[in-house]
Amino acid sequence: MGNRYTGKTFVLEIIAIAIALIFLIPFYFVLVNSVKPFAAILIDAAAWPKEFMFSNYAKVWEVINFPRAFWNSLVITVFSNIGLVIISSMAAWKMVRTPGRFNKILFVLFVAAMVIPFQTVMIPLMKLGGTLGLTNSIPGLIIMYFGFGVPLSLFLYHGFVKTVPVEIEESAKIDGCSEFGVFWRIVFPLLKPITVTVVILNTLWIWNDYLLPLLVLQDAELRTIPLAASSFFAQYTKQWDMGLAALVLGITPVVIFFLFLQKHIIKGIASGSIK
């Protein structure tokens with residue numbers, strides 16, 4: 001019986017490793033070809049490089065003004081996350097602690113908003129953004145991320161807030177703590193697991209987003225990393241050596257961020273959505 005179980009487990013592990021390797025193949029192509037000359041990529045994109053052209057990264061750094069693009073992406077991601085955490089956590093807490101028909105309907109509307117494709121609201125959003133002066137502006141883009149990011153963030157917080165004992169909040173109120181103080185001093189610290197999950201998911205989305213910044217940001221000085229990297233892939237010319245090096249530079253910070261915090265994702269989602 002034990003031998004059967006061991007054999008079955010071994011086979012499943014081999015299958016899992018094979019699937020993982022398949023998913024890693026695109027990363028191999030990106031990394032290997034980012035250090036090749038352009039001609040070598042055209043000859044055989046799958047071959048191991050005969051010479052490593054790390055100068056590709058130096059050229060990309062200067063051509064797209066990578067420090068500026070990195071700063072733009074960092075500002076947008078950080079402030080979008082801060083706003084999403086504050087808005088979603090407070091709204092979810094208020095909805096859970098004051099149950100009623102209105103809050104139930106409002107929560108259903110937020111959940112329903114998660115299934116609406118961005119393309120269906122793209123044109124009206126740009127018209128409204130232009131009217132309100134939100135286009136070609138980093139603050140305007142951040143405000144738009146608030147609108148698109150709140151539904152999922154609120155959904156996760158809503159489920160997690162239910163696990164926080166209400167007796168703790170009642171004790172704090174008896175001791176003279178205000179409602180605002182109850183949330184920030186008592187409730188919010190207990191929301192740390194789901195907060196980390198929300199930050200990770202929104203960071204992966206916002207950092208890698210291409211379409212919304214493309215529509216909102218027109219000036220070259222405002223470009224994010226995905227927009228800057230796309231400049232190497234024009235309609236008639238594709239600079240694969242430079243473009244792939246730009247992609248590696250762009251994904252490296254978020255990959256490092258994800259690896260450090262990945263253990264919190266499953267824990268936070270399980271606590272927030274299932275409970």
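The values are calculated or read from the model by the stated rules, or taken from the named source; none is laboratory data. For clarity, every value in this text was computed on a predicted model and none was experimentally measured. Heads up, the Cβs are rebuilt from the backbone with ideal geometry, glycines too, and the neighbour counts pull from every protein chain shown. The accessibility values were calculated without ligands, DNA or RNA, using every heavy atom of the protein model including side chains. Shrake-Rupley method; radii C 1.70, N 1.55, O 1.52, S 1.80 Å.
Overview of values
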{"read-out": "The range 1-82 shape via C-alpha gyration tensor axes, a/c threshold 1.5", "value": "oblate"}
{"read-out": "Neighbour count of at most 12 Cβ within 10 Å plus DSSP loop: longest chymotrypsin sites (Phe, Trp or Tyr not before Pro)-free window in the chain", "value": "55-235"}
{"read-out": "Percent accessible area from carbon and sulfur atoms, the chain, protein chains only, probe 1.4 Å", "value": "72 percent"}
{"read-out": "From phi via Karplus (6.51, -1.76, 1.60), per-residue ³J(HN,Hα) for the range 244-259 in Hz, x at Gly/Pro", "value": "5, 5, 5, 5, 5, 4, x, 8, 4, x, 6, 5, 4, 4, 5, 4"}
{"read-out": "Pairwise FRET efficiency - residue 166 versus residue 25, Cβ, R0 = 51 Å, nearest 0.05", "value": "0.55"}
{"read-out": "Dmax and Rg, reported as Rg then Dmax, of the range 136-181 (C-alpha, Å)", "value": "16.5, 49"}
{"read-out": "Within-14-Å neighbourhood charge of residue 169 [Cβ basis; K, R +1; D, E -1]", "value": "+1"}
{"read-out": "Alpha-carbon Rg/Rh ratio, for the range 186-246, with Rh computed the Kirkwood way", "value": "1.20"}
{"read-out": "Neighbour-limited loop hits for trypsin sites (Lys or Arg not before Pro), the range 195-264 (at most 15 other Cβ within 10 Å; DSSP other than H, G, I, E, B)", "value": "none"}
{"read-out": "Principal axis box of the range 81-215, alpha-carbon based, largest edge first, Å", "value": "50, 29, 24"}
{"read-out": "Residue-span extension gain [residue 118 to residue 173] - 0.36 nm each, minus C-alpha spacing", "value": "15.6 nm"}
{"read-out": "Kirkwood-type radius of the range 144-243, with distances r between different C-alpha atoms, in Å", "value": "17.0 Å"}
{"read-out": "Integer Hz, Karplus 6.51/-1.76/1.60 couplings in order for the range 112-117, x for Gly and Pro", "value": "5, 5, 5, 9, 7, x"}
{"read-out": "Across 94/192; 104/162; 238/263, pairs whose alpha-carbon gap is larger than 26 Å", "value": "238/263"}
{"read-out": "Ratio of the Cα radius of gyration of the chain to 2.2 N^0.38 Å, where N counts its residues", "value": "1.25"}
{"read-out": "Binned Cα-Cα distance frequencies in the range 1-138 - 5 Å width, integer %", "value": "2, 7, 7, 8, 10, 10, 11, 12, 12, 10, 7, 4, 2, 0, 0"}
{"read-out": "C-alpha long axis of helix 192-208 to longest principal axis of the chain, angle in °", "value": "40 degrees"}
{"read-out": "Electrostatic dipole magnitude of the chain [Cβ: Lys, Arg +1; Asp, Glu -1; Cα centre; debye, to 20]", "value": "620 debye"}
{"read-out": "10 Å binning of all Cα-Cα separations within the range 98-144, expressed as whole percents from 0 upward", "value": "23, 34, 30, 12, 0"}
{"read-out": "Structure-based [θ]222 nm, the chain - -39500 (n - 2.57) summed over DSSP H runs of at least 4, per residue, nearest 500", "value": "-23500 deg cm²/dmol"}
